Amino acid sequence: MEVLELARWQFGITTVYHFLMVPLTIGLSVLVAGMQTAWVRTGNERYLRMTKFWGKLLLVNFAMGVVTGIVQEFQFGMTWSAYSRFVGDVFGAPLAMEGLVAFFVESTFLGLWIFGWDRLPKRVHLACAWAFSLATVASAYFILAANSWMQHPVGVEFTDGRPTMNSIWAVLTNNTALAAVPHTIAGAFAVAAAFLVGIAAWRLWRGRHSGDGDRPVWRSSLRLGAFTGVAAFAVLVVSGDMQGKLMFEQQPMKMASAEALCHTEQPASFSILAIGDVRNADCENVKTFTVPALLSFLAHNDFQTEVKGIEDLVGEYQERYGSHYPDDPALGELAGKPIDYVPNLPVTYWGFRIMIGFGALSAATGVLALWLTRQGRIPESRWFPRLALASIATPFVANSAGWIFTEMGRQPFVVVPNPTGVDGVWMFTAQAVSTVSAGEVWASLISLTAVYAALGVVEVFLLVRYVRGGVDAVMPPKPPPGDGDDTENSRDPDDSGDDVLAFAY
Amino acid sequence: MMDLATLWFCIIAAFWLGYLFLEGFDFGVGMLLPVLGRDDTERRVMINTIGPVWDGNEVWLIVAGGAMFAAFPAWYAGLFSGVYLPLLAVLLALIGRGVAFEYRGKVDSPRWRRNWDRVIMIGSWVPPFGVGLVLATTVLGLPLDADGDRLGSAFSALRWDTLLGGLAVVGFSLVHGAVFLALKTDGELRHRARALGLRMLPAALVPLLGLTLLVQAREGALWTAVPLVAAPAAAAVAWWRLAEGREGQAFAALGAVIAAAALTLFGALYPDVLPSTLDTADSLTVAGASSSPYTLQVITWVAAFGAPAVLVYQGWTYWVFRRRISTRHIPKAHAPR
């Protein structure tokens, strides 16, 4: 394989993997901060136990999100150095801001939260929980602003052969980003919601005979997760619809390949499922079940709009952005070859449907959970906990499919041309890679994939252990009788020289 | 008035210095884990001296990288693709290390902990070596072509002078970690850490001083000779204060050592950011590799508000966890069965 292919696999693997941890971290951080707020406000022990239990699972996952994120900061320079040089003037700024404004807050206040239970006053400790959880959301915003610039470059002029930023405001308020942020954050909450529902349902079922004292903890967690999941799906639908309309204007080829829409249609129908091979852009052997005019609505809010098909778009793209790659030896075997403007259609077509389908399944589980727990009920059946556990996977699948769709759907570009933007501000993926040797990229591809796979097994192993252990396994051990002074309020650290730490690694 | 590109060169040097100073000691703690920690409780004391802060320290590396991307894209691209394999080793080690701290106590089994201790140890030896090698490479140069790309093999960054850079940061981290442990622990561990620090200090700082001398001889300016003299003086002060039992002052003096070394290294590098060893015309320079003035203005505003805030809340964290830790503070292992 050539460096380009290896580099793409590596970026895909490391980024999709990183984004398994990230949504759970974002969603669960905010929910745990909410649980802790409920405890601080009401003093109800149930909320403390929720905070401790879900907080522990959060930490097991958080660590993985942090360490896989380090790779993200450096791999642009390592593997995509031509890209980094070309876009650095614009793309580097939101990345630097993320580090300086969000990531510092996240990691510092996470440390304070983990170790600060007995060192900080209750409310300050709670503020630390909000600081790191909101910082994860801020991180997401800056990264999405950077990614959205690749989908839809704005706020730049073209000087000396590369884009230079002329408005950070335009970059940070890119309408592509403003639609992607609620969509991605809601996707993160959908993940955390399914996690709560699945685990709480299983704990409720497991403790049904033993008189588990924590049933209120699990029931509240189940309800919280179910509400969150349903609300998240509502946001996903609305923001996804906004994204669809932007995609129609900004990335028509991505729109057409999401549908594997070969011929221009007016009005355009939406394909629900296809039978046959969608790989070829000629549409001959494919039968597809469609809803008439729905795609026109998704694209432009009416039932008449014309949506361009792949065939017509290829011609337009060739006219605007060239029909052949430049004859540059840096392009390897692609030098001077015709440019293939059609993304990988099976991936875009099915990725789009998997995203929507699994997202909807996840929301359906939330609705079911709300129904089964209505008016103080506790689900008794055997099948519900199994279903709920299995559906933990659904929003993860939906998130991954959505990202794979949106990133592969913009190929062959790494920076997609803005149809109404400045001329020259686009870049083909083939031009973006470093001049490193294939051996180097093989080394990182293999080693990172192996380490990620091994650590993924360890993370799941630990999560399962903590779920089995329940709340008691995460509550600090009770002090021995006779030693019963009030440990709830923090004291001056200097006075407590002989105290055992509330938490230690 | 300094131009913005030069200001950002200084800011990036300061981020690297902050990283070496902060994560230097927490690397040292991890490196010394099998040496100073005689049983599990002692090892837990050591890990918990850095428990609340190591993650915040590591962000200095990420921000140094991010700032290079934003302010000097060609530096970021040329250096990190040029040192691909050493940087990969650093990343892999940091991945393992971060997870190890968090996961080590989550299963109550000696074997489990022993394995994670190994990960912490490897994860604490490899990155300072790799980071030292990368920094020495940016000061001493790579075989760059006119596009700012590395010519030559994947191993062209592995030379005796860059390896000296790796040893320099390893040696500094070892001493810094020992002094930090003497400062943050109590009881027998504190005495052992102090004794080890005293014994190691003169030899362990030799590579760092050697590197600064080498860089000064090759590329130095007149003013960069001043920190060159200050570094051994600060090292002597560190030894003396440690011998007197003033660990805090020794720790601060080690900070002066690394600051002086960084001044010489980055001062000698300026106005280049990454010299080409083939043709000085192909060297990446502060003026040539920097982003546009507008971008530099934007990130200057962000740094002007962001960076002082970081110093305040990270400083506060160290204040909150200022207490010395000893074996009697360590709670019993608590993990699900």
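Structure values in brief
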| read-out | value |
| --- | --- |
| Odd one out for A:ALA232, checked against (1) within 30 Å of A:GLY198 (Cβ to Cβ); (2) buried (at least 18 other Cβ atoms within 10 Å of the Cβ); (3) without any contact (Cβ under 8 Å) to a residue 60 or more places away in the chain | (3) |
| Where B:ASP39 falls short, out of the listed (1) more than 7 Å from chain A (Cβ to nearest Cβ); (2) touching a residue at least 24 places away in the same chain (Cβ under 8 Å) | (2) |
| In region B:283-324, the residues that are closer than 14 Å to B:TRP75 by Cβ and surrounded by fewer than 18 Cβ atoms within 10 Å (Cβ to Cβ) | B:ALA287, B:GLY288 |
| Some residue of region B:54-72 being of a type outside the set (Asp, Glu) and closer than 25 Å to B:GLU188 by Cβ | yes |
| Selection count where residues are surrounded by fewer than 20 Cβ atoms within 10 Å (Cβ to Cβ) and at pLDDT 95 or above, scope region B:256-281 | 2 |
| Count - residues of region A:180-210 that are among the aromatic types (Phe, Trp, Tyr) and farther than 18 Å from A:LYS56 by Cβ | 2 |
| Of all residues making up region A:456-486, the number that are at pLDDT 85 or above and either within 21 Å of the chain's Cα centre (by Cα) or at the interface with chain B (Cβ under 10 Å from one of its Cβ atoms) (or both) | 19 |
| Filter result (within 7 Å of another protein chain (Cβ to nearest Cβ) and within 24 Å of the chain's Cα centre (by Cα)) within region A:101-113 | A:VAL101, A:PHE103, A:PHE104, A:SER107, A:THR108, A:LEU110, A:GLY111 |
| Members of region B:1-43 that are among the acidic types (Asp, Glu) and within 22 Å of B:VAL298 (Cβ to Cβ) | B:ASP3 |
| Selection count, region A:292-323, where residues are assigned to a strand (DSSP E or B) and surrounded by fewer than 12 Cβ atoms within 10 Å (Cβ to Cβ) | 0 |
| Any pair with Cβ under 6 angstrom, 6 or more apart, that starts in region A:251-280 at a residue that is assigned by the TED database to the domain that holds A:TYR321 and more than 13 Å from A:LEU298 (Cβ to Cβ) and ends at one that is hydroxyl-bearing (Ser, Thr, Tyr) and surrounded by 21 or more Cβ atoms within 10 Å (Cβ to Cβ) | A:SER257/A:THR348; A:ALA260/A:TYR349; A:VAL278/A:TYR349 |
| Qualifying positions in region B:283-337 - of a type in the set (Phe, Trp, Tyr), in contact (Cβ under 8 Å) with a residue 12 or more places away in the chain and more than 7 Å from every other protein chain (Cβ to nearest Cβ) | B:TYR318 |
| Condition met for A:PRO417 (assigned to a loop (DSSP other than H, G, I, E, B), crowded, with 16+ Cβ neighbours inside 10 Å and touching a residue at least 12 places away in the same chain (Cβ under 8 Å)) | yes |
| When residues of region A:420-429 are limited to those that are assigned to a loop (DSSP other than H, G, I, E, B) and not small (Gly, Ala, Ser), the one surrounded by the most Cβ atoms within 10 Å (Cβ to Cβ) | A:VAL425 |
| Positions within region A:66-104 being small (Gly, Ala, Ser), over 14 Å from B:GLU58 (Cα atoms) and surrounded by 24 or more Cβ atoms within 10 Å (Cβ to Cβ), in sequence order | A:GLY77, A:SER81, A:SER84, A:GLY88, A:GLY92, A:ALA93, A:ALA96 |
| Extreme residue, nearest to the other protein chains (Cβ to nearest Cβ), among residues of region A:155-171 that are surrounded by fewer than 18 Cβ atoms within 10 Å (Cβ to Cβ), of a type in the set (Gly, Ala, Ser) and part of a loop (DSSP other than H, G, I, E, B) | A:SER167 |
| Residues of region B:46-70 satisfying the condition of being among the aliphatic types (A, V, I, L, M) and within 7 Å of chain A (Cβ to nearest Cβ) | B:ILE47, B:VAL53, B:VAL59, B:ILE62, B:VAL63, B:ALA67, B:ALA70 |
| Among (1) surrounded by fewer than 22 Cβ atoms within 10 Å (Cβ to Cβ); (2) in contact (Cβ under 8 Å) with a residue 24 or more places away in the chain; (3) aliphatic (A, V, I, L, M); (4) in contact with a Gly (Cβ under 9 Å, 6 or more places away or on another chain), the one test that A:VAL124 misses | (2) |
| Cβ-Cβ under 6 Å pairs, at least 6 apart or on other chains, region B:96-115 side surrounded by fewer than 21 Cβ atoms within 10 Å (Cβ to Cβ), far side among the aliphatic types (A, V, I, L, M) and not in a helix (DSSP H, G or I) | B:VAL107/B:ALA335; B:ASP108/B:ALA333; B:ASP108/B:ALA335 |
| Residue count, region B:275-303 (criterion: under 18 Å from A:GLU98 (Cβ atoms) and within 23 Å of the chain's Cα centre (by Cα)) | 1 |
| Qualifying residue in region A:131-142 (condition: closer than 30 Å to A:PHE384 by Cβ, buried (at least 21 other Cβ atoms within 10 Å of the Cβ) and touching a residue at least 40 places away in the same chain (Cβ under 8 Å)) | yes |
| Region B:327-337: number of residues that are of a type outside the set (A, V, I, L, M, F, W, C) and crowded, with 19+ Cβ neighbours inside 10 Å | 1 |
| Cross-chain or 6+ apart pairs with Cβ under 7 Å, region A:430-455 first and more than 8 Å from chain B (Cβ to nearest Cβ) and buried (at least 17 other Cβ atoms within 10 Å of the Cβ), then among the aliphatic types (A, V, I, L, M) and outside any helix (DSSP H, G or I) | A:ALA432/A:VAL414 |
| Residue check, B:LEU163 part of a helix (DSSP H, G or I), at the interface with chain A (Cβ under 10 Å from one of its Cβ atoms) and not hydroxyl-bearing (Ser, Thr, Tyr) | no |
| Out of B:TYR84, B:TYR76, B:TYR103, sole residue that is within 7 Å of another protein chain (Cβ to nearest Cβ), over 27 Å from A:GLU106 (Cα atoms) and aromatic (Phe, Trp, Tyr) | B:TYR84 |
| Qualifying residue in region A:254-270 (condition: basic (Lys, Arg) and not in a helix (DSSP H, G or I)) | no |
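Here is a yes/no grid of residues against (1) touching a residue at least 24 places away in the same chain (Cβ under 8 Å); (2) within 28 Å of B:SER326 (Cβ to Cβ):
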residue	(1), (2)
B:LEU181	yes, yes
B:MET200	yes, yes
B:LEU208	yes, no
B:LEU213	no, no
B:PRO227	yes, no
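Rundown of residues vs (1) at pLDDT 95 or above; (2) within 30 Å of B:GLY315 (Cα to Cα), yes/no style:
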| site | (1), (2) |
| --- | --- |
| B:PHE72 | yes, yes |
| B:TYR76 | yes, yes |
| B:LEU88 | yes, no |
| B:ALA93 | yes, yes |
| B:VAL99 | yes, yes |
| B:GLY123 | yes, yes |
| B:PRO128 | yes, yes |
| B:ASP149 | no, no |
| B:ALA157 | no, no |
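The values are calculated or read from the model by the stated rules, or taken from the named source; none is laboratory data. Remember, predicted model here, so these are calculated numbers, not experimental data. Neighbour counts run over all protein chains shown; Cβ positions are idealised from the backbone, glycine included.
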